[in-house]
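Chemist: Below you'll find the structure I mean.
Each value in this text was obtained by applying a stated rule to the coordinates, not by laboratory testing. As the structure is a computational prediction, the values presented were derived from the model and not from experiment. All Cβ positions, glycine included, derive from the backbone under ideal geometry; neighbour counts span all protein chains shown.
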Amino acid sequence: MNARYGMRPLTIAALTALVGWLAIAPGIGGVAPACADDVMDAQQLVEKSRMAFDEFMADAELSPNLRAVLPQAKAVLIYPQVLRLAFIFGGSGGSGVLLAHDEKTGTWSGPAFYTLGQFSFGLQAGGDAATIVLVALTDRGLSALLSTSSKLGADASVALGPIGGGAEVATANLSADIVSYSQDKGLYAGISVNGAVVAVRTALNQAYYGKDLTPSAILISREATNPHAAPLIEAVSKAAGGK
């Protein structure tokens, strides 16, 4: 068997393994049907997001830049754990929560629940995990995140947030709709969210608030709240210098 045809079973096997992993990984593969565990899953995701955000703010390299950008933020999307698996074909995904800022009242609302998914192809091997924080700086960026599903880089421009260099570096030449920050753990130097798809986790939104609500109803109209989210909202508000 020649090399050309010898590689085909390996490629198919790698793709099959990846698709299987993505199907069972938490928060990946779109909106899951509502189940008895959704309330617990939602609560745990909020708590993990708060802890992940606190770790960001305690990071000596990330914190100054993030603090300088947050006062301009229209929304913050926190993914406490984004997993990436790669062997010929690659994929990344995770679940997160979105909070929005009301410029009139200076207060934050939410959270609404989301997934993040991305596929890639290339000569790569390994796996890693990262915590990702996306900061929406424009109305276009906010609108993209509020939609049922959006592709980062297409529906809203994305730029990597600077690391180190002081707070003055954070706002220099940042004209993107969304700024991305990450703490990486693994074999990769960083995770790019350009091309990733952000989608709503309807089942978790419904479980957390007890009724079917869109992200806009949760974050803009503020048709429902959950006192369980108070520590997360307080952490983001404090970091942004707001109420």
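Chemist: Simple spin-label model, 7 Å along Cα-to-Cβ: residue 222 to residue 234 in nm?
Modeler: 1.8 nm
Chemist: Kindly state, to the nearest 0.05, the FRET efficiency for residue 104 paired with residue 159, given R0 = 22 Å and r defined as their beta-carbon distance.
Modeler: 0.20
Chemist: Using the per-residue mean of other Cβ atoms lying within 10 Å as a proxy for protection, in what order, highest first, do the peptides 109-115, 139-145 fall?
Modeler: Ranked by mean Cβ neighbours within 10 Å, highest first: 109-115, 139-145.
Chemist: Still on this structure, I have one more. Taking a cut-off of 18 Å between Cα atoms, list the aspartates and glutamates near residue 211, but don't count ones fewer than 8 places away on the same chain.
Modeler: Straight-line reach from residue 211, under 18 Å: 37, 38, 41, 223.
Chemist: Right, here's the next one. Net charge around residue 142, counting only other residues with Cβ within less than 14 Å of its Cβ (Lys, Arg = +1; Asp, Glu = -1)?
Modeler: Spelling it out: positives minus negatives among the neighbours equals -3.
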